[in-house]
Amino acid sequence: MRNSGVAIRIVLALSLLPAGCTVGPEYVRPTPVETAMPATFKELQGWKVAHPQSDTISERWWEIYNDPTLNALEEQVAVSNLNVAAAEAQFRQARAVVQAAKAGYYPSLTVGASATRSKSSGHISTNSSGTTASNFQLPLDLTWELDLWGRIRRGVEAGQANAQASAADLAAATLSAQAALAGNYFQLRVLDAQRQLLDATTAVYRKSLDMTTNRYAAGVAARSDVLQAETQLRSTEAQAIDLGIQRAQLEHAIALLIGKPPAAFSLPATTLTAAVPAIPIGLPSELLERRPDIASSERKMAAANAQIGVAQAAYYPTIQLSAAGGFSSSSLATWFAWPSRFWSIGPSASATLFDGGLRSAQTDQARAAYDATVAAYRETVLTGFQEVEDNLAALRILEDETRVQDQAVKAARQVVTITTNQYQAGTVAYLNVLVAQSTALANERTALGLAGQRLAASVLLVKALGGGWIPKETK
């Protein structure tokens, strides 16, 4: 018993060594950019929108467009989108890795039972016919690595950071799918509006064809006027039919985003009612917390930093506590008798004296991997700034362009009215009417295209700002 008391005291002394000898650098977030963080976004200058009711973007950001159909579709993304489902599974996998790493904090205990019967050779035994023996064992084995240098703690730290990065990746995948759905939805609605415009224009062109036909029958117009009117009518009808290709493809893309086969999904045509909403912009520094891809890159840096400590811990000895106990007997009748018990306990230490530079190379590899994550983090931050600036500029410039284009539409409509009256009065040729009508239609379609571009830019701005994502603690 004296020996067992000594062993226990040695183990307790080792386990009480300070945990402060964790090797490896402590993580400090690097500066996001080489230069000073900008105080505000450059493209905000001259960009004027109504003041939003809230200074933050809602988690259900798509509701700012006030479109019930869009709201219903967005609700299905987080549930049915397969890319989001894959990202969610990867997040669960990352959390399981953390739990596996934490298991290193605790001892492992195994139990086994065996029963053997053997006969020894008569040539090496005192008994000329050999000796027959039985052996019954029920051992319990305990092993515990003492984390004196922080190898396990650094591994847990890396796992937790990777799990947090995976959570941010899940949010990024969800936001990307939501933004893609909104973008496709608005493109589809613009096509619906263009189809309505072409259908209305076709009705007008049909009246123009009737007018030229009647004038030709009355002998006051040439046959060429009728043919030109018919050409314009059929060309516009063809344009309306051609929109169906792109609309079908957008409808199929939306079906994929909500996890449905295209054959099981359809979206009836309706009027484009959504307008560009007011979007809270915030400061550039807030982008570091609001964008999930930036948060993911930052957490990957923390994980890579912890791996440096794991690599450096290999330079230090591994100290392990081992204990065994159980019952062993040569007779089944006395297998569990108290005298059949056995036990052993004691620490062991091992250290690598020479490895041909393996540990040094692994440490250098870990440091290089960390430097790579720092560069990737800074690139992600700069890309985030660029995307915000791009879409701020797009919204500001498209707003000015829309204002001018609306004036062009009004003027083109007036030209059509005046030219048509002049043709009916016989003062101009029908070619003037064709040119005026074609110009008016082109300007109307350009105006609708600008409306779609503005909606698309607003969706991309919300995405660039991180949507309504709020980082959550992941353990």
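A few comments on the model shown:
- What the phi angles of region 454-462 give under the Karplus curve with 6.51, -1.76 and 1.60, with θ = phi - 60°, is a coupling list of 5, 5, 5, 5, 5, 5, 5, 5, 4 Hz, glycine and proline written as x.
- Pairs exceeding 28 Å between alpha-carbon atoms, taken from 42/410; 102/260; 410/463; 102/300; 260/463: 42/410; 102/260; 410/463.
- If the chain linking residue 271 and residue 72 were pulled fully straight, counting 0.36 nm for each residue of separation and taking away their Cα-Cα distance, it would gain 69.9 nm.
- Gained length - residue 283 relative to residue 140, 0.36 nm times residue gap less alpha-carbon distance: 45.4 nm
- In nm, spacing of pseudo-spin labels at residue 375 and residue 330 (7 Å Cα→C-beta vector): 7.0
- Using Cβ point charges alone (K and R +1, D and E -1), the dipole size of the chain about the Cα centre works out to roughly 1320 debye.
- With contacts taken as Cα pairs under 8 Å and at least 6 residues apart, the chain reaches a relative contact order of 27 percent.
- Between 0 and 90°, nearest 10: helix 151-217 axis offset from the chain longest Cα axis: 20
- Vicinal HN-Hα couplings computed from phi for region 321-334 (Karplus, 6.51 cos²θ - 1.76 cosθ + 1.60; Hz; Gly/Pro x): 9, 10, 9, 9, x, x, 10, 9, 7, 8, 10, 4, 5, 10
- Full-extension gain in nm, residue 111 to residue 316, via 0.36 nm per residue minus C-alpha separation: 70.7 nm
- Förster-model FRET efficiency, 56 Å R0, residue 422 and residue 96, C-beta, rounded to 0.05: 0.10
- With kT/(6 pi eta Rh) evaluated at 10 °C and eta = 1.306 mPa s, and Rh the Kirkwood radius from Cα pairs, region 398-475 diffuses with a coefficient of 103 µm²/s according to Stokes-Einstein.
- Highest to lowest packing among 311-320, 327-336, 414-423, scored as the average C-beta count within 10 Å: 311-320, 414-423, 327-336
- Between the labelled values [x] 37.9, 138; [y] 23.9, 80; [z] 24.1, 86, the entry that holds Rg and Dmax of the Cα atoms in Å as derived from this structure is [x].
- Each label was represented as a point 7 Å from its Cα along the Cα-to-Cβ direction; for residue 200 and residue 403 these points are 2.4 nm apart.
- Karplus-derived HN-Hα couplings along region 387-395 (A = 6.51, B = -1.76, C = 1.60, θ = phi - 60°), whole Hz, x at Gly and Pro: 5, 5, 4, 4, 7, 4, 4, 4, 5
Throughout, read-outs are computed from the coordinates displayed, never taken from laboratory work. The model shown is predicted, which means the values in this text are computed figures rather than measured ones. Cβ atoms come from the backbone with ideal geometry, glycine included; neighbour counts cover every protein chain shown.
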